[in-house]
Amino acid sequence: MVGTPGSGKTMLARRIPSILPDLTFEESLEITKIHSIAGLLSKDIPILLERPFRSPHHTVTINSLIGGGKIPKPGEISLAHFGVLFLDELPEFNKNTLEVLRGPLEDREVTISRVNASLTYPCNFMFVTSMNPCPCGFFGSKEKECTCSPEAISRYMSKISGPLLDRIDIQVEVTPVKYQKLESNEKVESSEEIKERVNKARKIQLERYKKHGIFSNSELTPHLSNIYCKLDFKSKEIVQNAFDRLGLSARGYGRIIKVARTIADLDEKENIEAHHIAEAIQYRSLDRKYWKN
């Protein structure tokens, strides 16, 4: 999420666990094992029943993020397994620390090698980040003038590498809330209502992939994507135009297809339709605005 200060990025991120699907028993056991190994399991709660939300500070070290120690222990990415890893003010993190996330985001597991041991921990987490569009925070704002030079903005945005950005499925701009909306009595959809829709979509996915041993669309391999994410002619035409116009990578193409599959599931549609693909493509357009150079 990219947006000016006070637009609600952090608040939105912290609300994500309230709409995530309920844990399955298998997921709950895996999370409990990891937290037990890390010494974080409370005696009062023998099994974890809620998805974890981890939000390390930008001074976090590589070992704390990935895992490590003389006897390797799980890091933040493993403690966020089946939950959310939230990195607030992403450019403030050390660039080398961010780059080590590339492998785990792709493989959903991390191997920590030491002289005495080599251990592999799972890290299938939802990666959520937020950042300002420039050092002062007001680049592109209609409310306040940006005081940063083009060079300063470019240096700031270049802290997020292309390969890391390519692994983020959804990139959205968060705009400040207007006073009229804050004072409005208009009824909005509650977290409980959204979660109900999400649970329905997750049940569809659990049933669809039960013989493959995976829980969700995000875990689809290229082979399984070809089976379960088939596109009609119009959808293929939209993807081809986007691929050429936006300069998408093969990874970006695959992630758009999986996001479209999820949108179709939320819509309770058996097949991916053209408007599902179009919506998924819209969620990957920010890199053309903020990282175009």
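Filter the stretch 19-29 down to the residues that are part of a helix (DSSP H, G or I) and surrounded by fewer than 18 Cβ atoms within 10 Å (Cβ to Cβ) and list them by number. Break it down into steps so the answer makes sense when it comes.
Residues of the stretch 19-29 part of a helix (DSSP H, G or I): 19, 25-29.
Once the filter is applied, which keeps residues that are part of a helix (DSSP H, G or I) and surrounded by fewer than 18 Cβ atoms within 10 Å (Cβ to Cβ), the stretch 19-29 yields Ile19, Phe25, Glu26, Ser28, Leu29.
Tell me which residues, restricted to the stretch 169-199, are among the acidic types (Asp, Glu) and either within 27 Å of Gly254 (Cβ to Cβ) or part of a loop (DSSP other than H, G, I, E, B) (or both).
Residues satisfying the conditions are Asp169, Glu173, Glu186, Glu189.
Just need a number here: residues in the stretch 6-18 that are surrounded by 15 or more Cβ atoms within 10 Å (Cβ to Cβ) and more than 13 Å from Met126 (Cα to Cα).
5
Please go through the stretch 181-195 and pick out each residue that is surrounded by fewer than 10 Cβ atoms within 10 Å (Cβ to Cβ) and over 21 Å from Ile16 (Cβ atoms).
Leu182, Glu183, Asn185, Glu186, Lys187
Please report, ordered by residue number, the helices (runs of 4 or more DSSP H) entirely within the stretch 240-290 with at least 3 residues that are aliphatic (A, V, I, L, M).
Working: elements: 250-266, 274-282, 286-290.
Result: 250-266, 274-282.
Listed residues Leu206, Leu105; which is at pLDDT 90 or above, under 24 Å from Leu220 (Cα atoms) and assigned by TED's automatic domain parsing to the domain that holds Tyr228?
Leu206
Under the condition of being of a type in the set (D, E, K, R) and in contact with a Lys or Arg (Cβ under 7 Å, 6 or more places away or on another chain), which residue from the stretch 160-203 is nearest to Glu279 (Cα to Cα)?
Restricting to residues being of a type in the set (D, E, K, R) and in contact with a Lys or Arg (Cβ under 7 Å, 6 or more places away or on another chain), the top hit is Asp169.
Quick one: is Ile77 under 21 Å from Glu99 (Cα atoms), surrounded by 14 or more Cβ atoms within 10 Å (Cβ to Cβ) and modelled with pLDDT under 95?
Against the criterion (under 21 Å from Glu99 (Cα atoms), surrounded by 14 or more Cβ atoms within 10 Å (Cβ to Cβ) and modelled with pLDDT under 95), Ile77 does not qualify.
Can you find a residue that is among the charged types (D, E, K, R) and in contact with a Gly (Cβ under 8 Å, 6 or more places away or on another chain) anywhere in the stretch 28-47?
Looking through the stretch 28-47, none of the residues is among the charged types (D, E, K, R) and in contact with a Gly (Cβ under 8 Å, 6 or more places away or on another chain).
Name the strands (runs of 3 or more DSSP E) wholly within the stretch 47-153 that hold at least 2 residues that are more than 16 Å from the chain's Cα centre (by Cα)? It would help to see each step written out before you state the result.
Numbers: elements: 84-87, 109-113, 118-122, 126-129.
Once the strands (runs of 3 or more DSSP E) in the stretch 47-153 are filtered for at least 2 residues that are more than 16 Å from the chain's Cα centre (by Cα), what remains is 109-113, 118-122.
Condition check: modelled with pLDDT of 90 or more and surrounded by fewer than 17 Cβ atoms within 10 Å (Cβ to Cβ). Does Ser149 satisfy that?
yes
Within the set of pairs 6 or more residues apart or between chains, which connect a residue that is under 18 Å from Ser7 (Cβ atoms) inside the stretch 144-164 to a residue that is modelled with pLDDT under 90 and assigned to a helix (DSSP H, G or I) with Cβ atoms less than 7 Å apart?
Going by the 7 Å Cβ cut-off, the qualifying pairs are Met157/Tyr290.
With the requirement that a residue be in a loop (DSSP other than H, G, I, E, B), among the small types (Gly, Ala, Ser) and over 16 Å from Ser191 (Cβ atoms), what does the stretch 1-18 give you?
Filtering the stretch 1-18 down to residues in a loop (DSSP other than H, G, I, E, B) leaves 1, 4-8.
Okay, now just the ones that are also among the small types (Gly, Ala, Ser), so 6-8.
Matches in the stretch 1-18: Gly6, Ser7.
Starting from the stretch 223-250, take each residue that is within 13 Å of Ile277 (Cβ to Cβ) and not assigned by TED's automatic domain parsing to the domain that holds His212 and list its partners that are surrounded by 11 or more Cβ atoms within 10 Å (Cβ to Cβ) and among the hydroxyl-bearing types (Ser, Thr, Tyr), counting only C-beta distances under 8 angstrom and pairs at least six apart or across chains.
Close Cβ pairs (under 8 Å, with a partner that is surrounded by 11 or more Cβ atoms within 10 Å (Cβ to Cβ) and among the hydroxyl-bearing types (Ser, Thr, Tyr)) do not exist here.
Working carefully through the options Phe125, Phe215, find the one that is surrounded by 14 or more Cβ atoms within 10 Å (Cβ to Cβ), modelled with pLDDT of 90 or more and in contact with a helix residue (DSSP H, G or I) (Cβ under 7 Å, 6 or more places away or on another chain).
Exactly one of Phe125, Phe215 is surrounded by 14 or more Cβ atoms within 10 Å (Cβ to Cβ), modelled with pLDDT of 90 or more and in contact with a helix residue (DSSP H, G or I) (Cβ under 7 Å, 6 or more places away or on another chain), namely Phe125.
The values are calculated or read from the model by the stated rules, or taken from the named source; none is laboratory data. Since we're looking at a predicted model, the values are computed, not measured. Cβ: placed from backbone, ideal geometry, glycine included. Neighbour counts: every protein chain shown.
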